[in-house]
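Throughout, read-outs are computed from the coordinates displayed, never taken from laboratory work. This one's a predicted model, so the numbers in the text were calculated from it and none came from an experiment. Here the Cβ is made from the backbone with ideal geometry for all residues, glycine too, and neighbour counts use every protein chain on show.
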Amino acid sequence: MPIPRTTSTARAGPSQFTLVFTDITLTTVEPPTWHDVDGTADDTFTLPEVDGVVWTRDGDVLAPGTHPGSGTVTLVATAAPGHELTGSTTHAFTFTDLEHVTPPAPTATDNPGTALDVVTVPAATGVTYMLDGTPLAAGDSAARRASPATAGR
């Protein structure tokens, strides 16, 4: 099979190029910070102040600084006029309503021998006490067994 020939043409005389210079500033997006504390009343997010970055949430422009947060928050960074952004421009976070609790210790009564030993479960909001995988209600007393009672959420 023959190889096709290519031809090139040389242009005589000067060539012209046009370069367009802009004053666009390359700006790196700094991510927001999230503050998800116990419950929901004090949950917040903070938008950093970066020249050239405009933050929006659901299409509404937000000023840099701290804002209340709840549910799922999606923030979008867009470039202000004269800027081009680098880095991630969409940031999302889901706030929770979880609360940390410190479970009170069950009380133990050590009677003579082991057959009459008991452990009494305290009432504690947000805590489920378990014995061998079975939930125990507040006030329940369990005879001493090989497995200790554990607390969980």
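Annotations
- Nonlocal amide H pairs with His83, under 5 Å, H built at 1.01 Å: Thr25
- When Asp132, Asp43 are arranged by Cβ crowding within 10 Å, least crowded first, meaning fewest neighbours, the order is Asp132, Asp43.
- Amide proton proximity set for Asp43, modelled H, under 5 Å, gap of 5+: Val37, Gly69
- Taking the inverse of the mean 1/r over every pair of distinct Cα atoms in region 25-94 gives a Kirkwood hydrodynamic radius of 12.5 Å.
- Residues whose placed amide H lies under 5 Å from that of Asp117, excluding near-sequence neighbours: Asn111, Arg144
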